[in-house]
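The values are calculated or read from the model by the stated rules, or taken from the named source; none is laboratory data. Just so it is clear, the model here is predicted, and its values are computed rather than measured. Heads up, the Cβs are rebuilt from the backbone with ideal geometry, glycines too, and the neighbour counts pull from every protein chain shown. Just so you know, the surface numbers come from the protein's heavy atoms only, side chains and all, with ligands and any DNA or RNA stripped out. Shrake-Rupley method; radii C 1.70, N 1.55, O 1.52, S 1.80 Å.
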Amino acid sequence: MSDWILYLLIAVALAFATSSWWGVRRLKALHVRSAVAGESYDSGLARQRVAVVLNPIKARADEARGMIHRACLAAGWEEPVFFETTAEDPGFSQMQAALAGKPDVVLVGGGDGTVRVVAEALAHTDVAMGLIPLGTGNLLARNVDLDVNDLHSNVQTALFGRQRYIDTARMAIENSRTGHYSEHVFLVIAGIGMDAEVLADTNAGLKKAVGWLAYTEAGVRHLPGRRKKVSIALDDNPEQVRNIRSVLFANCGLVPGGIDFIPQAMIDDGMLDVVVMSPRSALGWLLMYVKIMFKHSGKLPIMTVYRSVKVVIKCPEPMPTQLDGDTSGEATQLTVRVEPRSLLVRVKGQVQDSGPVHGSAHAAR
């Protein structure tokens, strides 16, 4: 890589980080109001059975394990039961084993992929999910107003905090060229097109070194590129044909860097915010960036936002997809649906350091 390209990437990363910091300060109150709008309530449990699905390779996994164990013992509860994910199994069999023990809450310690697997198993149940964010993006944790850098606070919230229902979304991925079909839950943002290309092409070493800023380097490299023709149908309405670079499906809108990508996207409104992006040039990407960062209300033809319960995308040629920051294969058709108030999540409020928030006595075991 030539020196001037390296300098350009560094300058872009610094500008992105600076504007993101400013955005966090300016938009924190707005985001909290929009993404944590639903009422939370006490679990009503004086004692709890705790299961933990933990990715053991994460940097603070052992520290989290110790904190969880000590907190449960201090509360006078049964010892938590830990289930470790593996490279071959990111949590599917672990969740089956965890649910067999009839837990009151399942804590998930890992990145966004582990959170999605646990959420998929807990959706449409009354078992709460507690978040112990240990990954790079930690998207859902950010969108329910957790401090992703405060491990102690997150353990306390996951065990003793209040709880509320949030929406999940489900994406069906079909590839007519290969015959592949799969369905997956996502919690924050899924997409098709350039966003998935960037995720697939992000340098693993750089990501490990600088975290989410590594996506900036890959994003700059993918700015040039041709638009692709797709058809989009919203809520079973007639299809519209668009030339796009990306289509995003947002259940909620806060992404790393403190950027509230879609401020109006609420996590419990029973709707998806569908963002169709179709810039032709670097100038178009710049205009979109300015609109997002400064929350400009004016319309931008190359960035259109729709609200829908169901979205169907059809592509003449396979396009890459992503779910909450993880690549999920190529598709010639996507069907995306929101599942309203389908997941119970622990959130901040009335947290104690040494024991649970005591609820109704009839719930005690």
State whether one or more residues within segment 218-229 are in contact (Cβ under 8 Å) with a residue 40 or more places away in the chain and over 22 Å from I302 (Cα atoms). no
What single numbered condition from (1) under 23 Å from T335 (Cα atoms); (2) surrounded by fewer than 23 Cβ atoms within 10 Å (Cβ to Cβ) fails to hold for S281? (1)
Candidate set: segment 33-44, residues that are exposed (fewer than 14 other Cβ atoms within 10 Å of the Cβ) and not in a loop (DSSP other than H, G, I, E, B); chosen: the one modelled with the lowest pLDDT: R33
I'd like to know if segment 291-302 contains one or more residues that are part of a strand (DSSP E or B) and not charged (D, E, K, R). yes
How do the pairs read when you match residues in segment 147-160 that are at negative phi and open to solvent by less than 40 Å² (accessible area, probe 1.4 Å) with residues anywhere that are modelled with pLDDT under 95 and assigned to a helix (DSSP H, G or I), using Cβ under 9 Å and keeping only pairs 6 or more apart or on different chains? V148/R142
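The rows are residues; the columns are (1) under 30 Å from A75 (Cβ atoms); (2) among the acidic types (D, E).
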position: T114; (1), (2): yes, no
position: T136; (1), (2): no, no
position: R142; (1), (2): yes, no
position: I173; (1), (2): no, no
position: F186; (1), (2): no, no
position: M194; (1), (2): no, no
position: E197; (1), (2): no, yes
position: V210; (1), (2): no, no
Boolean, V311 is under 16 Å from the mean Cα position of the chain (by Cα) and not basic (K, R): no
Counting only residues in segment 161-183 that are within 15 Å of S43 (Cα to Cα) and of a type in the set (D, E, K, R), the one least open to solvent (accessible area, probe 1.4 Å) is identified as R164
Just need a number here: residues in segment 45-70 that are open to solvent by 10 Å² or more (accessible area, probe 1.4 Å), of a type in the set (G, A, S) and touching a residue at least 40 places away in the same chain (Cβ under 8 Å). 2
In this structure, does T136 turn out to be among the polar types (S, T, N, Q) and open to solvent by 30 Å² or more (accessible area, probe 1.4 Å)? yes
